[in-house]
Amino acid sequence: MIVPLADISNRGMNVSLGPWARAAAAEGVDGDVKAMEGSLELTRHGVHVAVRGELHVVGEVLCDRCRTPLVVSLGGDVSIVYSPVSTLPEKVDDEEGLPRPPVDVGFPVEDVGEFDGEKLDLAGVVREWATVERPARLMCRDIDEAENDACQARFLELSGQASPTTIDPRFSILSALKLKSED
């Protein structure tokens, strides 16, 4: 959803989430979105736009190890200030190396983004949020610890590897060689 800067007032603009938000969240989580709810409020501060809200997504993604579908629930706050590229400093002076908002928006800001100064793509906002909220690596054991062994077996099957308990037959002759134990 593209919102022209001229449509955003300094008193705020509430944006309803629609199919555009589900599609953007699906790209961000790299899976299917089963449910999504939340709200976004845009506030104009001169040429800057503050985006604030809360999003919750239930999605189906594939295990990074065995490719089994997993249902994940993501949720959290959105607090970003978007500034025209021309107004962002080339150098970051923050001690932690994080970009500082170029304007005080009255609430803590998690990130600073850039836009062309004329229109803001809210699908990009939702997509970036979902990408950041999704764990970098998601496996069956993260959802259900009992699934770890089955996940490992599916992974080995998919990759064409033998199970960890199978010994390569070329090494079977070595099983007869044993060290004398000191009893």
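The values are calculated or read from the model by the stated rules, or taken from the named source; none is laboratory data. Only a predicted model underlies this, so the values are computations on that prediction, with no experimental measurement involved. Cβ placement follows ideal geometry from the backbone for every residue including glycine, while neighbour counts extend to all protein chains displayed.
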Kindly indicate which of ALA136, ALA153 is surrounded by fewer than 16 Cβ atoms within 10 Å (Cβ to Cβ) and modelled with pLDDT of 85 or more. ALA136
Is it the case that region 18-36 has a residue that's touching a helix residue (DSSP H, G or I) at 6+ places or on another chain (Cβ under 9 Å), charged (D, E, K, R), farther than 26 Å from LEU138 by Cα and not in a helix (DSSP H, G or I)? no
With the first residue restricted to region 62-76 and required to be farther than 23 Å from GLY38 by Cβ and in contact (Cβ under 8 Å) with a residue 12 or more places away in the chain, and the second required to be of a type outside the set (A, V, I, L, M) and in a loop (DSSP other than H, G, I, E, B), Cβ contacts under 6 Å at 6 or more apart or on different chains are ASP64/ARG137
Taking region 21-65 and keeping only residues that are surrounded by fewer than 20 Cβ atoms within 10 Å (Cβ to Cβ), within 20 Å of GLU114 (Cα to Cα) and of a type in the set (A, V, I, L, M, F, W, C), one is left with VAL47
